[in-house]
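Asks: Below are the structure tokens for one structure; questions will follow.
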Amino acid sequence: MYFVDLIMSFLMSLLLLICVLVSVAFLTLLERKVLGYIQIRKGPNKVGIMGIPQPFCDAIKLFTKEQTYPLLSNYISYYFSPIFSLFLSLLVWMCMPMFIKLFSFNLGLLFFLCCTSLGVYTVMVAGWSSNSNYALLGGLRAVAQTISYEVSMALILLSFIFLIGSYNMMKFYDYQVYMWFILILLPMAMVWFIICLAETNRTPFDFAEGESELVSGFNVEYSSGGFALIFLAEYASILFMSMLFCVMFLGCDILSFQFYFKLMFISFMFIWARGTLPRFRYDKLMYLAWKCFLPFSLNYLLFIIGLKIMLFSFMLWINIS
């Protein structure tokens, strides 16, 4: 029986990862279409009906191209860092709060933090092993940016841990049956969305891939399959962050269609930000992280701890009286 459970868990995980990869393919199509209409032009519309098979054609093209690598690069780490990057982006999906108990993740939020922290190393190794000054500069920028915003992200998650009293993401469903958290924590939701933009290296915080001054940043030496894997990892992270936003702020009913419409809307907001906002200045990015978001998340953490203590004292007083 235990062996059957293992096989079922493996098959369900495989199914989840295949669905994520197909979603990533269509997210790229959605992005190109939306950016096209924002810039008053058509997106991909030649391949098939309305360009729907375009992502699969791009994938075939990228993976069948010749793999080139710099002669002076550290080949092993250069080759494996995109693979490891995609592996981490897909592994983090395992803590998705499924009602069918795919995995019993009582420490799901900690698992998410561990996976996102490990993602920094893949970018750093990709930039360093290319043995290119541009790639190294882009990698350093990405690492500094990700580490800075992870501090505020961890503090906001800690606020939620105090609020729901557990590391298990399923608790978000129990606490949001009657009212979504976004209604009482709107400022925190806005800050969390901005942190998600910075964590996934998206516009206006895409300093790791600042094409205009860094020639595509840390992935400048990657082509064909390696570039495609980095690209897939980035979009899988965007989808996961959108899913996490919906779980934390917009109700956690994974079994309803509404949840996936909300997820799609948050993903659309990532694209909308890219089509609308210009790139930030790097010193302003760091100022925002350390001078604005860190005090904000600390204050909210203290506020929620105080609120919980006050409610606990009130309940205790009612029971005694």
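The values are calculated or read from the model by the stated rules, or taken from the named source; none is laboratory data. Since we're looking at a predicted model, the values are computed, not measured. Counting neighbours? That spans all protein chains shown, and the Cβs are built from the backbone with ideal geometry, glycine included.
Asks: Only residues that are under 20 Å from N219 (Cα atoms), outside any helix (DSSP H, G or I) and polar (S, T, N, Q): list them for region 40-77, please.
Replies: Once the filter is applied, which keeps residues that are under 20 Å from N219 (Cα atoms), outside any helix (DSSP H, G or I) and polar (S, T, N, Q), region 40-77 yields Q67, T68, S73, N74.
Asks: Taking region 35-58 as the search range and keeping residues that are surrounded by fewer than 17 Cβ atoms within 10 Å (Cβ to Cβ) and touching a residue at least 24 places away in the same chain (Cβ under 8 Å), which one is farthest from V92 (Cα to Cα)? Steps first, answer last, please.
Replies: Residues of region 35-58 surrounded by fewer than 17 Cβ atoms within 10 Å (Cβ to Cβ): 35-42, 45-50, 52-53, 56-57.
Retained after the next criterion (residues that are touching a residue at least 24 places away in the same chain (Cβ under 8 Å)): 35, 38-39, 56.
Values: L35: 28, I38: 32, Q39: 34, F56: 24 Å.
Looking at residues that are surrounded by fewer than 17 Cβ atoms within 10 Å (Cβ to Cβ) and touching a residue at least 24 places away in the same chain (Cβ under 8 Å), I get Q39.
Asks: Right, here's the next one. Taking F84 as the residue in question, decide whether it is of a type in the set (F, W, Y), closer than 20 Å to A236 by Cα and surrounded by 15 or more Cβ atoms within 10 Å (Cβ to Cβ).
Replies: Details: of a type in the set (F, W, Y): yes; closer than 20 Å to A236 by Cα: yes; surrounded by 15 or more Cβ atoms within 10 Å (Cβ to Cβ): yes.
Against the criterion (of a type in the set (F, W, Y), closer than 20 Å to A236 by Cα and surrounded by 15 or more Cβ atoms within 10 Å (Cβ to Cβ)), F84 qualifies.
Asks: Shifting gears a bit: Please enumerate the residues belonging to region 131-141 that are more than 15 Å from F84 (Cβ to Cβ) and crowded, with 22+ Cβ neighbours inside 10 Å. If you could, list the steps in order and put the result at the bottom.
Replies: Step one: of region 131-141, the residues more than 15 Å from F84 (Cβ to Cβ) are 131-138, 140-141.
Correct list: A135, G138, R141.
Conditions (1) buried (at least 18 other Cβ atoms within 10 Å of the Cβ); (2) polar (S, T, N, Q); (3) out of contact with any helix residue (DSSP H, G or I) (no Cβ under 9 Å at 6 or more places or on another chain); (4) closer than 18 Å to I238 by Cα, marked per residue:
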{"position": "T68", "(1), (2), (3), (4)": "no, yes, no, no"}
{"position": "Y75", "(1), (2), (3), (4)": "no, no, no, no"}
{"position": "M98", "(1), (2), (3), (4)": "no, no, no, no"}
{"position": "V125", "(1), (2), (3), (4)": "yes, no, no, no"}
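Asks: For region 252-289, which positions are among the charged types (D, E, K, R) and under 13 Å from L197 (Cβ atoms)?
Replies: If the condition is that a residue be among the charged types (D, E, K, R) and under 13 Å from L197 (Cβ atoms), then R274, R279 are the ones that fit.
Asks: Further question on the same structure: Starting from region 276-290, take each residue that is touching a residue at least 40 places away in the same chain (Cβ under 8 Å) and list its partners that are part of a loop (DSSP other than H, G, I, E, B) and hydroxyl-bearing (S, T, Y), counting only C-beta distances under 7 angstrom and pairs at least six apart or across chains.
Replies: If the second residue must be part of a loop (DSSP other than H, G, I, E, B) and hydroxyl-bearing (S, T, Y), the pairs left are L277/T203; R279/T203.
Asks: Of the conditions (1) under 16 Å from the mean Cα position of the chain (by Cα); (2) farther than 17 Å from G226 by Cβ; (3) touching a residue at least 24 places away in the same chain (Cβ under 8 Å), G119 clears all except one; give me its number.
Replies: For G119, the exception is condition (2).
Asks: Filter region 260-285 down to residues that are aromatic (F, W, Y) and within 18 Å of L29 (Cα to Cα) and give me whichever is surrounded by the fewest Cβ atoms within 10 Å (Cβ to Cβ). Can you show your working first?
Replies: Step one: filter region 260-285 for residues aromatic (F, W, Y), giving 260-261, 265, 268, 270, 272, 280, 282.
Keeping just the survivors that are within 18 Å of L29 (Cα to Cα) gives 260-261, 265, 268, 270, 272.
Values: Y260: 13, F261: 10, F265: 14, F268: 15, F270: 21, W272: 14.
Step by step, filter region 260-285, then rank; the result is F261.
Asks: Okay, next question. Given (1) at pLDDT 85 or above; (2) within 30 Å of S77 (Cα to Cα), identify the lone condition not met by R202.
Replies: Failing condition for R202: (1).
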